[in-house]
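Beneath this line is the structure, given in structure tokens, with notes to follow.
The values are calculated or read from the model by the stated rules, or taken from the named source; none is laboratory data. Since the structure is predicted, the reported quantities are computational estimates derived from the model, not experimental observations. Positions of Cβ are generated from backbone atoms using ideal geometry, with glycine treated the same way; all protein chains shown enter the neighbour counts.
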Amino acid sequence: MSWYDELREPSCLQCGFPQEDRDHILRCPENNDWRRLFLQSLRKRCSRLLTEPALQDVLIDGLETWLRADAIDLDQHPSRLHELIMEQNFIGWRQLFNGRLSTKWALVQDDYLKRIGKHAKHDNGRTWTVNVTDIIWKEWCSLWKQHNKHVHGHDSATREAANRRQAEAELRAIYELKPMYLPVDQDYLSSDVEEHLRRSTNSIRNWLQSFRPLHKHSFKEAKRRAISGMTSIAHYFGSNRDPPAG
């Protein structure tokens, strides 16, 4: 699901994918280096946390396969961890980025720490899941900052270019929906988007600030009127509660 409204350009500015959302940012081909470093950092943190080796392999494999839009192979892991894998499959591996882990992660790590004599108040399965979630969130935050630098720029020149690119994308999105606005609101648009794009970035930005809310409302109002002007198909059929004719 996209996180953009109807009047905003939803595509990825890095690779051109038509619908950019949180999952796409994580999987974007332009973020290959981040994914490699993310998995390396996660593996190092797991080692410091005395993670059971087989459990660490499941964690890394599950995330790595999800990041490339694939599925983890049960046969590559011990049968005693299959239930954990299937539970996380049901929850979703993407949910690890939301801090939603199967409770079995903590149980397996708890048992392992007890076996090696390292179980303690601050070293147990529960604290392990907290620490793993912490590193996942920190790495996701670093990617988000990296993404924002690309979208919004990191110095005056790149910020100016990003500002122009975003203004053009928003303006094109508004013009693409021109036939769907109320007729009275179409008069605020030029005859052609290219004509409008010949204006300066500041001029386009000022126009967007003034008229974007109007066209957003117009788009929704036109849809509402179209729906309210239609008769439900149920109107043409008798109710099941009606008495039989005759």
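Quick notes on this structure:
- Of the residues making up the stretch 137-156, one or more are among the small types (Gly, Ala, Ser) and either touching a strand residue (DSSP E or B) at 6+ places or on another chain (Cβ under 8 Å) or without any contact (Cβ under 8 Å) to a residue 60 or more places away in the chain (or both).
- Filter result for Gln56 (free of Cβ contacts under 8 Å to residues at least 60 places away in the same chain and more than 30 Å from Leu208 (Cβ to Cβ)): yes
- No other residue among His77, His154, His119 is under 26 Å from Leu37 (Cα atoms) and in contact with an Asp or Glu (Cβ under 8 Å, 6 or more places away or on another chain) apart from His77.
- Within the stretch 94-213, helices (runs of 4 or more DSSP H) holding 1 or more residues that are at pLDDT below 95: 125-152, 156-176, 183-186, 193-197
- Residues of the stretch 147-199 satisfying the condition of being charged (D, E, K, R), surrounded by fewer than 15 Cβ atoms within 10 Å (Cβ to Cβ) and over 25 Å from His217 (Cβ atoms): Lys149, Asp155, Arg159, Glu160, Glu194, Arg198
- In the set (1) among the aliphatic types (A, V, I, L, M); (2) in contact (Cβ under 8 Å) with a residue 40 or more places away in the chain; (3) assigned to a helix (DSSP H, G or I), Leu50 fails one condition alone, (3).
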